[in-house]
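Structure, as structure tokens:
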Amino acid sequence: MLEVRNLSKSFGGLKAVDNASLDVPEGGIVGLLGPNGAGKTTCFTMIAGFTKPNKGTVRFMGRDVTGLPPHRICEMGMIRTFQIVQPFAGLTVQENIAVGAYLHHHDRAEAMAVARQIGKRLGMGAMLDRPASSLTIAGRKRLELARALATGAKLLLLDEVMAGLIPSEVSEIVGIIRQIRDEGHTFLMIEHVMQAVMSLAETAYVLNHGKMIAHGTPRELVQDPGVVEAYLGHGAAARLQEGHHA
Amino acid sequence: MKPQSMGQAVLIALALIYLASLYFMSSPVWMGFTINALIVAVVALAWNITGGFGGMASFGHAAMYGTGAYASAILQVQYGINAWIAFGAGIVAGAAMGAFIGALAFRYGLKGSYFALVTLAFAEVLRICASSFAITGGGSGLQLRLEPGLSTLQFNDRAVVYTILLVIVALVMALTAWLKYSRFGAYLIAVRENEDAARALGIDTYRIKVKAMAISGAFAGLAGVLYLQVWLFIDSAVVYGSAVSIEALIGPIIGGAGTVWGPLIGTLGLHLLGEGAKHLLHNAPGLNFVLYAVVLICALRFLPQGLMGLAARIGTFRKKENDNA
Ligand SMILES: Nc1ncnc2c1ncn2[C@@H]1O[C@H](COP(=O)(O)OP(=O)(O)OP(=O)(O)O)[C@@H](O)[C@H]1O
Ligand SMILES: [Mg+2]
């Protein structure tokens, strides 16, 4: 569904993303992991059309979408959420979701009805008429997801929708995402919360210093020495191994 | 458009009572004064589209106002074109000028005070151009031939002029309300609240902003044409002057930016205040602008949502919807 090839982006001298490639099959949940500053968010901004890559291509549903503006990409059915949540603070929760729904429902009553339905499905039924600015962090993350769904997008790029949530909230969101996937959506998700990645993602990619260093099932990845080193520092894998044997 | 609290209902009722009372006062002075205020209210409503809903505060709505007035005046005076056609052309010219300024400013991603400065610069350049070319009448401006009648859109009876203006203001407000609750309105508000999120949700923010400038320009052009048809004379300082731009933004901010009634209520309130001060202090020139500045600063400091926002908090009818009337 999504094919990213040799994507690269530099900021000044810094290679934020360096020759990264990845594939997301239709109906899958694919993780994108990596330590802080690895270039994950930068990947998303390029895939979703917010910044132009220096090099590389992005194909979505067989079409080359490299360099298209975000609104065109969204119309085609791919949408990103923001790591730092971006609610329309002055609007109610329902109105926020309706902005997404307006993409394919031009009538206000219809867009608001779709928004209500999606809000309820994501467990936000009681908050629909509250201003978005009054939501807790968990509520705002959920709102990001609801708004994205309301556009009717088929592929959702989620940037750390579980960061900052307590475990019970995480398992709620995990359940919701699984349910949405079963309804026919596809996910590419950046996530630090390992519990979530392990239980959701079928495969995952690991990015470090802008380079794709590993790809596999989450279970394979946590045993991959290169990945462990990227997260815990040089020599960590060897020390862990020794610890096991001792 | 419906009020959502006792306070708003009272505010709107006061404005309506004042406007209706003019039919019984038979005071030409007050009539003339309110006719002026209504013309300003139309520019204020124009500013409200971009500045209120879209969060793009322009400091140069005179650019579109003046272009509307001049387009109509040039067609009538220099080419002898029918006033009705010129009326329509003025609106179209205002819209075109708005779209042009918007297209340029937003192409370069201008926002906030940069956008305000560019609009101001446009108005000033146009003012200088209008005072230098023959077709615009140069420094002496353009005067319509006095020829009252329906075909020339000139009316001797002030009550008729006043009624027409009331109807036009009501129409512009109805259009504003309709826009606010349309897809376009929702998108415009989304752009104001968070442009990145809006882009992610499939909104072509550039197009929405230029479209808003075109609609706003059409309203401002309409106001310029109204001024021309009421006073039959324009010159560059009157229609391209910064006084127009200031009055366009101050009314909505005082009354409540991004509301349907705010621009009218703010403009009426301000003009009444300015007029009152003028009488009390014996016509000190420029005094009303000093007063406006003080009121504006107080409003920005203490009334972030203007009078409508303040009134909304008094005796709420229903808590549920967040948006104002
Ligand atoms: N607009 C920018 N200008 C300059 N440098 C940038 C810009 N955006 C990101 N960077 C840099 O690029 C690198 C990758 O950033 P990115 O946000 O993609 O990382 P990330 O993997 O999402 O990290 P995190 O887990 O902290 O969100 C960082 O070093 C960051 O400082
Ligand atoms: Mg990030």
Single unsatisfied condition, residue B:141 versus (1) modelled with pLDDT under 95; (2) under 30 Å from residue B:22 (Cα atoms); (3) buried (at least 18 other Cβ atoms within 10 Å of the Cβ): (2)
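The rows are residues; the columns are (1) farther than 20 Å from residue B:94 by Cβ; (2) surrounded by fewer than 16 Cβ atoms within 10 Å (Cβ to Cβ).
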| site | (1), (2) |
| --- | --- |
| B:129 | no, yes |
| B:157 | yes, yes |
| B:166 | yes, no |
| B:170 | no, yes |
| B:174 | no, yes |
| B:203 | yes, no |
Residue that is closer than 19 Å to residue A:70 by Cβ, out of contact with any Phe, Trp or Tyr (no Cβ under 6 Å at 6 or more places or on another chain) and more than 12 Å from ligand 2 (Cβ to nearest atom), where the choices are A:48, A:20, A:16: A:48
Exclusive hit being among the aromatic types (Phe, Trp, Tyr) and either modelled with pLDDT under 95 or open to solvent by 40 Å² or more (accessible area, probe 1.4 Å) (or both), set B:108, B:65, B:70: B:108
Criterion (more than 30 Å from residue B:186 (Cβ to Cβ) and more than 9 Å from every other protein chain (Cβ to nearest Cβ)) met by exactly one of A:39, A:77, A:67: A:39
Of all residues making up region A:83-119, the number that are within 16 Å of ligand 2 (Cβ to nearest atom) and facing chain B (nearest Cβ under 7 Å): 1
So residue B:117, is it in contact with a helix residue (DSSP H, G or I) (Cβ under 8 Å, 6 or more places away or on another chain) and either modelled with pLDDT of 95 or more or not in a loop (DSSP other than H, G, I, E, B) (or both): no
Residues of region A:30-54 satisfying the condition of being of a type in the set (Ser, Thr, Tyr) and open to solvent by less than 30 Å² (accessible area, probe 1.4 Å): A:42, A:45
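Please go through region A:46-59 and give me each residue that is among the hydroxyl-bearing types (Ser, Thr, Tyr) and touching a helix residue (DSSP H, G or I) at 6+ places or on another chain (Cβ under 9 Å), ordered by number. Spell out the reasoning first.
We begin by selecting, within region A:46-59, every residue among the hydroxyl-bearing types (Ser, Thr, Tyr); these are A:51, A:57.
Matches in region A:46-59: A:51 only.
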Residue ID - least open to solvent (accessible area, probe 1.4 Å), chosen from residues in region A:85-102 that are without any contact (Cβ under 8 Å) to a residue 40 or more places away in the chain and over 15 Å from residue A:142 (Cβ atoms): A:102
Residue count for region A:119-168, restricted to those that are touching a Leu at 6+ places or on another chain (Cβ under 9 Å) and assigned to a loop (DSSP other than H, G, I, E, B): 7
Failed criterion for residue B:134 (all others in (1) more than 21 Å from residue B:46 (Cβ to Cβ); (2) open to solvent by less than 50 Å² (accessible area, probe 1.4 Å) hold): (2)
Residues that are open to solvent by less than 40 Å² (accessible area, probe 1.4 Å) and either in a loop (DSSP other than H, G, I, E, B) or under 26 Å from residue B:154 (Cβ atoms) (or both), drawn from region B:244-269: B:244, B:247, B:248, B:256, B:258, B:259, B:260, B:261, B:264, B:267, B:268
Residue under evaluation residue A:183, criteria (1) within 17 Å of the chain's Cα centre (by Cα); (2) more than 10 Å from chain B (Cβ to nearest Cβ), criterion not met: (1)
Residue selected from region A:23-36 under the condition within 16 Å of ligand 2 (Cβ to nearest atom) and either touching a strand residue (DSSP E or B) at 6+ places or on another chain (Cβ under 6 Å) or small (Gly, Ala, Ser) (or both), by the criterion nearest to the other protein chains (Cβ to nearest Cβ): A:32
Test: residue in region A:202-221 that is small (Gly, Ala, Ser), more than 16 Å from the chain's Cα centre (by Cα) and more than 16 Å from ligand 2 (Cβ to nearest atom): yes
Test set (1) under 15 Å from the mean Cα position of the chain (by Cα); (2) exposed (fewer than 15 other Cβ atoms within 10 Å of the Cβ); (3) more than 28 Å from residue A:224 (Cα to Cα) - residue A:27 fails condition number: (3)
Residues within region B:217-241 that are part of a loop (DSSP other than H, G, I, E, B) and among the polar types (S, T, N, Q), tallied: 0
Neighbours by Cβ (under 8 Å, 6+ apart or cross-chain): first from region A:157-172, at positive phi; second within 13 Å of ligand 1 (Cβ to nearest atom): A:160/A:83; A:160/A:190; A:160/A:191; A:160/A:192
Residues (β-branched (Val, Ile, Thr) and within 30 Å of residue B:106 (Cβ to Cβ)) located in region B:1-60: B:39, B:40, B:42, B:43, B:49, B:50
Subset tally (residues that are more than 18 Å from the chain's Cα centre (by Cα), in a helix (DSSP H, G or I) and not aliphatic (A, V, I, L, M)) for region B:270-287: 4
Where a residue in region B:65-94 is over 19 Å from residue B:244 (Cβ atoms) and its partner, wherever it lies, is basic (Lys, Arg) and open to solvent by 50 Å² or more (accessible area, probe 1.4 Å), with Cβ under 9 Å and at least six apart: B:76/B:145; B:77/B:145
Strands (runs of 3 or more DSSP E) wholly inside region A:1-87 containing at least 1 residues that are of a type outside the set (Asp, Glu) and within 10 Å of ligand 1 (Cβ to nearest atom): A:2-11, A:14-24, A:29-33
Test: residue in region A:120-131 that is within 13 Å of chain B (Cβ to nearest Cβ), free of Cβ contacts under 8 Å to residues at least 12 places away in the same chain and surrounded by 18 or more Cβ atoms within 10 Å (Cβ to Cβ): no
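The values are calculated or read from the model by the stated rules, or taken from the named source; none is laboratory data. Here the structure is a predicted model, which is why all the values come from computation and not from measurement. For neighbour counting, all protein chains shown are included, and Cβ atoms are generated from backbone atoms with ideal geometry for every residue, glycine included. With ligands, DNA and RNA removed, areas are computed over all heavy atoms of the protein, side chains included. Shrake-Rupley method; radii C 1.70, N 1.55, O 1.52, S 1.80 Å.
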